[in-house]
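The values are calculated or read from the model by the stated rules, or taken from the named source; none is laboratory data. Please read these numbers as outputs of a predicted model, since none were measured by experiment. Cβ atoms come from the backbone with ideal geometry, glycine included; neighbour counts cover every protein chain shown. Accessible surface is based on the protein model in full, side chains and every heavy atom, while ligands, DNA and RNA are left aside. Shrake-Rupley method; radii C 1.70, N 1.55, O 1.52, S 1.80 Å.
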Amino acid sequence: MQAAIFVLVVLVFVAVSGALVRLVRVPLPVLQIAIGAALAWPVRGIHVEIDPELFLLVFIPPLLFSDAFGAPKRELMALRGPILDLAIGLVFFTIVGFGYALHWLVPSIPLVVAFALAAVLSPTDAVAVSSIVDRNVVPARLMHILEGESLLNDASGLVMFRFAVAAALTGSFSFAAASLSFVYAVAVGILAGVAALFVAAKALQLLNRIGGVPAEAQVLITILLPFVAYLGAEHFGASGILAAVTAGLLTGSTGIFRFLGVSARMQTISLWTTFSFVFNGALFIVLGLQLPEIIRKVPPELSSRHWLLEPVLTVLLLTLCLIALRFVWIWIGDITAGYAARLGKRQAEPFGLRVRLAGSVAGVRGAITLAGILSLPLALQDGSPFPARDLVIFLAAGVIICSLVIASLALPVIARGLVEPGEDAGAAEERMARVGAAKAAIAHLESIAQTDEEEGDVPGLKLAAANGIVAAYRRRIAASDEADEARAEVREAGRLEIDLRLAGISAERDALRAMLRRGEINDHTARALFTEITLTEALLNGRQTRK
């Protein structure tokens, strides 16, 4: 019962945070972490012990799958060079640089444990990045690189974290064994994601052949897909995170949705949108719930001289160290890419100082870092306590919060003016696609209308119906025309049409309610018709918003 109440409380405050963020000028993740901390701070506040493996299983696969599915595949492929450079190269650079810096700043932390903390801090969090970084102020190229990096660097960071922990437990480290294990974890993780996607596609294909299967059964398969990929990879000792990301990246391109009915597709999209919001919010609230307990247990190594100032300064310095390491690596990569472009006689696309700084500050840490560091063993093989365990947990939690706060405050200032005003490239591409699709539909309808009418058809009815549909397509093309006057006229006509249709829908809804009250229709019929009206209204409202 307590677990059920806890889940309900978290869900309530996820919904509350969605409303409060409109009133408070702070990013949603920061607000949700603050809510979690407030819930846990009182003497009898809420407290929950995190099982790191369960935490990763419940939250990470669906969130990474959703982010990977929605990521722009074309842009990620075009930017694969800088993305892999950050997702792999920067991880190793961070482990070495931050590990030595941490050991120098806090000598009580053994070097191998410092490397473990550096490894678990090296991955940026895809969920936090997408929640913190405003796409309207950050250049699209940088945003795509940050998205791709955060999707892929979890695998490399956590794999190296496991090696560092193993070295701390055994007192030995083999570079050759670590390299082979890293390659194995990545390769098998990718294969597990592909295999899970193949199994899901076959299951949906089978249900499609059977026919008459409820849409909910098809939707359930898409929900299970990231969990199957994650657990399959973990079963073979590979990266479950990379498996979930692979499944998400390939879901759209494999055409798996063609096996879903229309109702199942709509439910899947709606459900994943809701899942993403709920899981994101619950994730950050649960992170906030851990903070008071971590703060109450400030390690004595950081509070010998001043209980509050020394821990805060240490966390701030470590966060700035991570930002500086990212800046140096991005700067080196930018210069190297420029030289490579000139050698290949290609046009170089340097970032510039402010974009490099924005990319450095935007590398925030999140749930994977906390879940990873909480998975540290309690004791060594000889039974002695794991060295500096409470200390590195405290530092990891502090860096997560500090990176989120710095990014929330500094990024809008750094990125101001980086994006030139004007039409978004994505909007222009969408307009072009709408025109192309409408022209193809017109050509096909005209060819159908010109065919001979079948026996029993009403004369001229096919041509009249086709002309009516073609007229709607021509209005869509005119609405996408470059000429402002033509577009304004068509948009005004479209607005009036939508207003009239919405008025008609309102009358339909009132009439159905009246029939339901009079008992002329039952609840089942009313629900089906209300659903149909709601979907039509949502479509019209969407068109009205775009206009």
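Quick look at the values:
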{"item": "Qualifying residues in the stretch 240-288 (those that are over 22 Å from Leu64 (Cα atoms) and assigned to a helix (DSSP H, G or I)) - the one modelled with the highest pLDDT", "result": "Phe259"}
{"item": "Number of positions in the stretch 57-82 that are in a helix (DSSP H, G or I), surrounded by 14 or more Cβ atoms within 10 Å (Cβ to Cβ) and of a type in the set (A, V, I, L, M)", "result": "7"}
{"item": "Pairs with Cβ under 6 Å, 6+ apart, first in the stretch 1-15 and β-branched (Val, Ile, Thr), second part of a helix (DSSP H, G or I)", "result": "Val10/Ala282; Val10/Ile285; Val14/Val278; Val14/Gly281; Val14/Ala282"}
{"item": "Candidate set from the stretch 325-352 (those that are among the aliphatic types (A, V, I, L, M) and more than 28 Å from the chain's Cα centre (by Cα)); member that is modelled with the lowest pLDDT", "result": "Ala348"}
{"item": "Top-ranked residue of the stretch 1-17 - restricted to ones that are aliphatic (A, V, I, L, M) and open to solvent by 60 Å² or more (accessible area, probe 1.4 Å), ranked as farthest from Phe275 (Cα to Cα)", "result": "Met1"}
{"item": "Filter pass, Gly36 being assigned to a helix (DSSP H, G or I), buried (at least 22 other Cβ atoms within 10 Å of the Cβ), free of Cβ contacts under 8 Å to residues at least 24 places away in the same chain and of a type in the set (Gly, Ala, Ser)", "result": "no"}
{"item": "Cβ pairs under 7 Å, 6+ apart, first in the stretch 371-387 and farther than 15 Å from Ala116 by Cα and part of a loop (DSSP other than H, G, I, E, B), second open to solvent by 40 Å² or more (accessible area, probe 1.4 Å) and modelled with pLDDT of 80 or more", "result": "Gln381/Leu169"}
{"item": "Some residue of the stretch 39-56 being over 23 Å from Ile223 (Cα atoms), modelled with pLDDT of 75 or more, basic (Lys, Arg) and open to solvent by 40 Å² or more (accessible area, probe 1.4 Å)", "result": "no"}
{"item": "Residue in the stretch 339-358 that is under 30 Å from Ile294 (Cβ atoms) and hydrophobic (A, V, I, L, M, F, W, C) present", "result": "yes"}
{"item": "Yes/no for Leu317 being crowded, with 20+ Cβ neighbours inside 10 Å and either closer than 26 Å to Leu90 by Cβ or modelled with pLDDT under 80 (or both)", "result": "no"}
{"item": "Pairs where the first residue, in the stretch 129-157, is under 12 Å from Ala71 (Cα atoms) and modelled with pLDDT under 75 and the second is of a type outside the set (Lys, Arg) and buried (at least 22 other Cβ atoms within 10 Å of the Cβ), C-beta under 9 Å, 6+ apart", "result": "Ser130/Asp67; Ser130/Leu146; Ser130/Glu147; Ser130/Ser150; Ser130/Asn280"}
{"item": "Which numbered condition Phe98 misses (of (1) part of a loop (DSSP other than H, G, I, E, B); (2) surrounded by 19 or more Cβ atoms within 10 Å (Cβ to Cβ))", "result": "(1)"}
{"item": "Selected residue (criterion: nearest to Gly255 (Cα to Cα)) from residues of the stretch 177-194 that are open to solvent by less than 50 Å² (accessible area, probe 1.4 Å) and under 22 Å from the mean Cα position of the chain (by Cα)", "result": "Gly193"}
{"item": "Those residues of the stretch 211-233 which are over 18 Å from Phe275 (Cβ atoms) and either modelled with pLDDT under 90 or within 19 Å of the chain's Cα centre (by Cα) (or both), in sequence order", "result": "Gly211, Gly212, Val213, Pro214"}
